[in-house]
Amino acid sequence: LAKQRGRNGYAFYTQELTEQARRRLNLETDLHEAIALNQLRVYYQLQMDLGTGRPVGLEALVRWQHPTQGIIAPDEFLPVARNAGMMSDIDEFVLDEACLQLRHWLDAGYPLQSMAVNMSGYWMERGDVFGNVAAALRRYGLDPGCLELEVTEDEVMHFNDDGVLLLDRLAILGVGLAIDDFGTGYSSLLRLKRMPVNKLKIDRGFVTDLPGSDSDSAMARAIIALGKSLQLKVIAEGIESEEQQRVLHQFGCDLGQGYLYNRPLPASEIEKLLGEPAP
Ligand code: C2E
Ligand code: MG
Ligand code: MG
Ligand code: MG
């Protein structure tokens, strides 16, 4: 029967689903041990000043060094983590590791202004973001102004009053807030205006087809203009070519991030790209 169904793709499809489900289940089992076994890694990507061409900050991006499957990307294991109720543990781990690393780099004299850490809605709702952030800053003696939390525009849309209150408390502490994947989430401008935002991150989707695409050019310009009028910094994600960099800078974009500068890399490799530390 299965074979017969296989011809029209049905059995094949369910079999594939089962395989996928099994893989996820295995990952979930392994993930429970991943933190304790020290398998999570934090990679870093540079954030460049498009005016000077110098790196000014970094974004911390998590990876899982799986014992048998190699490096697993966040898009694959974060959904599993969310499902397993482990998302806050992961975000908390990345925050701590990124702050520790920033401490090292600042001590070594590298001229970095900021470290960005992604903040999931899950962590905001079920974790203790404020407590974790305050503790990490204290632990490593960091100025709150050098930490920036990124939350996606999509998640901003789903905030309740507690979410907004948390952002206000973080802002009072002095921590920066960036809206990630901006332009994809239909957040209301009123809502944006009411939140203590410092930076908009233009989603990669609007950068990929620059400078050829008129609609993407229009979107990028509109986001940059919006950012300027609200006195926010604007950073473009996913810059892969000199051309993209050139038009974005021409549009007035302050900052950029993307494979043109570097892929996310372990701390030891990113260090070589940070320039000369001040003596
Ligand atoms: P994101 O925060 O928007 O991060 C940008 C993603 O785009 C990263 O993927 C980065 O490697 C990728 N990227 C950067 N430049 C380029 C480029 O020029 N071309 C292309 N094609 N891609 C580029 P990554 O590291 O796989 O992370 C995917 C997403 O997973 C992140 O999107 C973020 O939403 C989430 N994520 C990663 N680390 C964490 C974490 O520690 N906590 C939470 N909550 N989410 C995380
Ligand atoms: Mg991000
Ligand atoms: Mg993004
Ligand atoms: Mg994203």
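Quick look at the numbers
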read-out: Straight-distance crosslink candidates among aspartates and glutamates, where the alpha carbon sits under 15 Å from LYS201 and sequence neighbours closer than 8 are dropped; value: ASP49, GLU59, GLU148, GLU150, GLU153, ASP154, GLU155, ASP180, ASP181, ASP216, GLU237, ASP254
read-out: Cα-centre dipole for the range 83-177 with unit charges at Cβ (Lys and Arg positive, Asp and Glu negative), debye to 20; value: 420 debye
read-out: Filter on LYS228/LYS272; LYS193/LYS233; LYS193/LYS228 - keep pairs with C-alpha separation over 24 Å; value: LYS228/LYS272
read-out: Dipole magnitude of the range 123-279, debye to nearest 20 (Cβ charges: Lys/Arg +1, Asp/Glu -1, about Cα centre); value: 500 debye
read-out: Radius ratio Rg over Rh of the range 205-277, counting only Cα atoms, Kirkwood formula for Rh; value: 1.04
read-out: Percent of Cα-Cα distances greater than 24 Å, calculated over the chain; value: 55 percent
read-out: Alpha-carbon centroids, the range 214-279 and the range 30-81: separation in whole Å; value: 19 Å
read-out: Surrounding net charge for PRO211, when Lys and Arg each add one and Asp and Glu each subtract one, Cβ distance under 14 Å; value: -4
read-out: Helix-only mean residue ellipticity at 222 nm for the chain, each DSSP H run of n ≥ 4 adding -39500 (n - 2.57), per residue, nearest 500; value: -14500 deg cm²/dmol
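Bear in mind these aren't lab numbers, they're just calculated from the coordinates by the rules spelled out. Bear in mind the structure is a predicted one, so any value in this text is a computation, not a measurement. Don't worry about glycine lacking a Cβ; one is built from the backbone with ideal geometry, like all the others, and counts go over all protein chains shown.
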